[in-house]
1. If Arg276 passes every condition in (1) at pLDDT 95 or above; (2) within 19 Å of the chain's Cα centre (by Cα); (3) not polar (S, T, N, Q) but one, which one does it miss?
2. Please determine, by comparing only the residues of region 189-207 that are among the polar types (S, T, N, Q) and surrounded by 13 or more Cβ atoms within 10 Å (Cβ to Cβ), which one is modelled with the lowest pLDDT.
3. Which residue is nearest to Tyr255 (Cα to Cα), if the candidates are limited to region 119-141 and must be open to solvent by 40 Å² or more (accessible area, probe 1.4 Å) and in a helix (DSSP H, G or I)?
4. If you scan region 168-188, which residues turn out to be within 21 Å of Ser121 (Cβ to Cβ), part of a loop (DSSP other than H, G, I, E, B) and open to solvent by 20 Å² or more (accessible area, probe 1.4 Å)?
5. Filter region 142-163 for residues that are under 30 Å from Asp232 (Cβ atoms) and in a loop (DSSP other than H, G, I, E, B); which is most open to solvent (accessible area, probe 1.4 Å)?
6. Given the conditions (1) farther than 19 Å from Gly7 by Cα; (2) without any contact (Cβ under 8 Å) to a residue 24 or more places away in the chain, and given that Glu164 satisfies all but one, which numbered condition is not satisfied?
7. Under 29 Å from Pro184 (Cα atoms) and surrounded by 17 or more Cβ atoms within 10 Å (Cβ to Cβ): which single residue out of Ala90, Ala67 fits that description?
8. Output the number of residues of region 6-56 satisfying the condition of being open to solvent by 60 Å² or more (accessible area, probe 1.4 Å) and touching a strand residue (DSSP E or B) at 6+ places or on another chain (Cβ under 9 Å).
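The values are calculated or read from the model by the stated rules, or taken from the named source; none is laboratory data. Here the structure is a predicted model, which means the values were calculated and not measured. For neighbour counting, all protein chains shown are included, and Cβ atoms are generated from backbone atoms with ideal geometry for every residue, glycine included. For accessibility, only protein heavy atoms count, side chains too; no ligands or nucleic acids. Shrake-Rupley method; radii C 1.70, N 1.55, O 1.52, S 1.80 Å.
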Amino acid sequence: MSEQRIGVVGAGTMGQGIAQVVAASGFNVRLYDVADEQLTRAKNAIDKGLEKLVAKEKMTAEGKQEALARLSTTTALDALSDCSVIIEAAPEQPALKEKLFRDLSHLSSDAILASNTSSLSLTRLAAVCERPERVVGMHFFNPVPVLKLVEVIRAEQTSDATVERIEALAKALGKTAVPVGDAPGFVVNRLLVPMINEAAFIVQEGTATPEAIDEAMKLGAAHPMGPLALADLIGLDVCLAIMDVLQEGFGDPKYRPCPLLRRMVAAGYLGRKSGRGFYIYE
């Protein structure tokens, strides 16, 4: 890989996970966020994440310090102008992502712009950019340092060369790239999130508790984690946003978000990140 510096936009859970993997894989990474406080939290989380690798003897203490030295942070978007690949990991808000891609496309005519979007149209994002053939989806999964999959989503405008570079980058990061087309929810979330939504309907109807549903799916379907515990890990707001995208994109009533899920998000019960979702977290 010839990449010299990789930019990451957004220092939330996904952004910090991506930045950690990039730095640990030997690449220089510049992490951008609008808030200094969020960047400080991200750096602390990355430090802890790397320390876990040291404790498991998957990285040396020296390797950890070298990885941290490859990480820099910024609140200035134009500081990403020297990055060869920029991975966007901002919240799942179409208007926000489109503005970011429009602004990023003005920074460099050579950079590949990759989105970590979990469900939004890459074709739509590419359409606002000056070089749409350099726009691609690079969908990581949470927790990024652990899960090996990266969905590589080709927009209508994406060039073969862009896909090849992103697939090579994913391999260099220790991930497995799976190519998919640009359809709502792509593959994993199109299958996974409707299952979570259906589990929420079962709770709403009083057929079973979250604990019973999760235990049944672990024991009966060999799932390592039940769907509602997984929903709490993903974030109920993210699950709801994906269901809204699926319903709008396909126009099929089977993708109707569960009213209980919508009420929980409105109440601020977002899962692990808020301390309460289908379960209570200390």
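1. (2)
2. From region 189-207, those among the polar types (S, T, N, Q) are 189, 197, 204, 207; that's our starting set.
The next check asks that each one be surrounded by 13 or more Cβ atoms within 10 Å (Cβ to Cβ); those that pass are 189, 197, 204.
Values: Asn189: 95, Asn197: 98, Gln204: 98.
If we take residues in region 189-207 being among the polar types (S, T, N, Q) and surrounded by 13 or more Cβ atoms within 10 Å (Cβ to Cβ), then Asn189 is modelled with the lowest pLDDT.
3. Here is the first cut: in region 119-141, the ones open to solvent by 40 Å² or more (accessible area, probe 1.4 Å) are 121, 124, 127, 130-131, 133-134.
Pick out the ones that are also in a helix (DSSP H, G or I) and you get 124, 127, 133-134.
Values: Arg124: 21, Ala127: 26, Glu133: 31, Arg134: 31 Å.
Out of the qualifying residues, it is Arg124.
4. Listed by number, the residues that qualify are Asp182, Ala183, Pro184, Val187.
5. Pass one, region 142-163, residues under 30 Å from Asp232 (Cβ atoms): 142-153.
Narrowing the set further to residues that are in a loop (DSSP other than H, G, I, E, B) leaves 142-148.
Working: Asn142: 46, Pro143: 51, Val144: 3, Pro145: 62, Val146: 95, Leu147: 70, Lys148: 122 Å².
The extreme case among them is Lys148.
6. (1)
7. On the way: Ala67 fails: under 29 Å from Pro184 (Cα atoms).
Exactly one of Ala90, Ala67 is under 29 Å from Pro184 (Cα atoms) and surrounded by 17 or more Cβ atoms within 10 Å (Cβ to Cβ), namely Ala90.
8. Adding up the residues that qualify gives 3.
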